[in-house]
Amino acid sequence: MRKVRFGIVGTGRISDWVLKGAVLEPRFEAVAVCSRTPEKAEAFALKHGIPNTFTDIDRMASDPSVDAVYIGTPNDTHHDIAIRCMDHGKHVLCEKPLASNALEVREMIAAAKRNGVVLMEAMISTLSPNFRMIQEKLGTLGKPLHYSGTFCQFSSKHDKLQAILAGKDPGPVPSSFNPDCSGGALMDIGIYPIYPMVTLFGKPKGVKADVTTLKVPVSDGSMKAIDIQGIVLFGYDGMSAQAMYSKIADSRLRTEISCEGGILSLDQIHITRQVDFIPCGAPTSGRSSGPAVEDITVPCDPDEYLCEFREFIDVLESGRLESVNNCLGNSLAVAETMDEIRRQGGIVFPADPIPLP
Ligand SMILES: NC(=O)c1ccc[n+]([C@@H]2O[C@H](COP(=O)([O-])OP(=O)(O)OC[C@H]3O[C@@H](n4cnc5c(N)ncnc54)[C@H](OP(=O)(O)O)[C@@H]3O)[C@@H](O)[C@H]2O)c1
């Protein structure tokens, strides 16, 4: 079996996390890591048994011993790094969101097409075994009527952000809250309920967003708005949909897809580990009778990040250039939808065209 030889870009927490899943895929091999500093590259290489280190992305991307690149850097850097790697003929698996905005996504898609390489957004939610099971089950449940997706997670960077805002920490604002890095709640976690919705039902026709923002200091010395949570209604023909996301509040609300034949109830949308099917007519009180709720969960992968490497390598081996669930059309539709949410919420990134279309 020929292994796909990966170069890893960025030595932060996410690169560390995904590698634990990637190494469970027998066709995966990490052969290089690129960091902005040699010390971090070497420490990461030592920790993960990676033979080659780089501090220059073009040098890693032009190395013939690298087949593909995984990009685990802040959102504003994805577009430039990905295009440079693709122009050197490398396949690219890029962290979510694929880029800062739809314009950048279009440019990345053009680069993938002109170089004949695979470009895939590393969105695990739509590749997990339970999501694939839900997709099949949906085909048996008649018309979809309502989608309600939730991902609310109190941020581990919240205290640092508060200290910066109180003048007790000189900063900079962490990338996930920083407009300079194309951060914010929507880009960081709001994408998790939205990408699966687009994969299942296509791009919504309408968007109505209610976004909570605050102002944070950015690199030019000014204060700029960033979103910390949001609730969005989406318009579809014959069905309604909503997404709720937050980086300042936790929630244990399940994600639900209601259809004519019943409800699919997911423990969480970003990584679905448990699914109930509630048939139409199932009792809602102890005195009613009707069909029983079924636990239809399928076994999960041993690591949640394994699925994105398995999918990426399957696509490469099949000779296709795109994943079915994480296809470029879905990534673009998600980016366009998120651009509209940001436009309504007044969130602007330095990477954006002015005005945001
Ligand atoms: N799939 C998931 O579950 C998941 C979870 C969290 C985050 N993410 C995504 O992963 C990406 C990184 O997020 P994060 O919170 O880990 O970001 P981060 O900690 O700010 O940065 C990650 C790494 O990127 C490199 N980096 C930082 N700034 C850079 C720059 N200006 N140019 C090039 N490289 C830079 C750094 O590595 P070096 O110092 O080695 O250069 C850093 O450790 C984001 O796109 C985020 O949405 C995904």
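So the values come out like this:
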read-out	value
Matching residues in segment 5-30 - criterion: being crowded, with 20+ Cβ neighbours inside 10 Å, in a strand (DSSP E or B) and in contact with a Lys or Arg (Cβ under 7 Å, 6 or more places away or on another chain)	Phe28
Residue satisfying all of: in segment 191-205; among the aromatic types (Phe, Trp, Tyr) and crowded, with 24+ Cβ neighbours inside 10 Å; nearest to Asp267 (Cα to Cα) among these	Tyr192
Residue satisfying condition, being crowded, with 20+ Cβ neighbours inside 10 Å and either in contact with a Lys or Arg (Cβ under 8 Å, 6 or more places away or on another chain) or assigned to a strand (DSSP E or B) (or both), within set Ser100, Ser125, Ser176	Ser176
Tally of residues being away from the ligand (no atom under 14 Å from the Cβ) and either among the basic types (Lys, Arg) or within 15 Å of Arg320 (Cβ to Cβ) (or both) across segment 116-135	5
Checklist (1) surrounded by fewer than 22 Cβ atoms within 10 Å (Cβ to Cβ); (2) outside any loop (DSSP other than H, G, I, E, B) applied to Phe151, failing item	(1)
Set Lys208, Lys224: member being exposed (fewer than 15 other Cβ atoms within 10 Å of the Cβ), basic (Lys, Arg) and not in a loop (DSSP other than H, G, I, E, B)	Lys208
Residue that is closer than 29 Å to Ser265 by Cβ, of a type in the set (Asp, Glu) and either within 14 Å of the ligand (Cβ to nearest atom) or assigned to a helix (DSSP H, G or I) (or both), where the choices are Asp188, Asp159	Asp188
Checking Met223 against (1) within 16 Å of the ligand (Cβ to nearest atom); (2) touching a Lys or Arg at 6+ places or on another chain (Cβ under 7 Å), the condition it does not meet	(1)
Single condition Gly142 does not satisfy, out of (1) over 18 Å from the mean Cα position of the chain (by Cα); (2) assigned to a helix (DSSP H, G or I)	(2)
Selection count where residues are over 18 Å from Pro196 (Cβ atoms) and touching a Pro at 6+ places or on another chain (Cβ under 8 Å), scope segment 241-259	0
Selection within segment 78-107 - within 14 Å of the ligand (Cβ to nearest atom), within 23 Å of Arg342 (Cα to Cα) and without any contact (Cβ under 8 Å) to a residue 40 or more places away in the chain	His78, Asp80, Cys94
Identity of the residue in segment 1-60, away from the ligand (no atom under 14 Å from the Cβ) and of a type in the set (Val, Ile, Thr), that ends up nearest to Val117 (Cα to Cα)	Val4
Test: Tyr147 is modelled with pLDDT of 95 or more, touching a Phe, Trp or Tyr at 6+ places or on another chain (Cβ under 8 Å), away from the ligand (no atom under 16 Å from the Cβ) and among the aromatic types (Phe, Trp, Tyr)	yes
Qualifying positions in segment 340-349 - more than 13 Å from Pro204 (Cβ to Cβ) and buried (at least 19 other Cβ atoms within 10 Å of the Cβ)	Arg342, Gly345, Ile347, Phe349
Criterion (surrounded by fewer than 19 Cβ atoms within 10 Å (Cβ to Cβ) and touching a helix residue (DSSP H, G or I) at 6+ places or on another chain (Cβ under 7 Å)) met by exactly one of Lys143, Lys168, Lys137, Lys157	Lys157
Pairs, first outside any loop (DSSP other than H, G, I, E, B) in segment 287-300, second of a type in the set (A, V, I, L, M), C-beta under 9 Å, six or more apart	Glu294/Ile278; Asp295/Val275
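To keep it simple, each residue is scored yes or no on (1) outside the structural domain of Val207 (by TED's automatic domain parsing); (2) at pLDDT 95 or above.
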{"position": "Lys247", "(1), (2)": "no, yes"}
{"position": "Ser258", "(1), (2)": "no, yes"}
{"position": "Ile263", "(1), (2)": "no, yes"}
{"position": "Ile269", "(1), (2)": "no, yes"}
{"position": "Ala282", "(1), (2)": "no, no"}
{"position": "Gly286", "(1), (2)": "no, no"}
{"position": "Ser318", "(1), (2)": "yes, yes"}
{"position": "Ile354", "(1), (2)": "yes, no"}
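The values are calculated or read from the model by the stated rules, or taken from the named source; none is laboratory data. For clarity, every value in this text was computed on a predicted model and none was experimentally measured. Please note: Cβ atoms are built from the backbone with ideal geometry, for glycine as well, and neighbour counts cover all protein chains shown.
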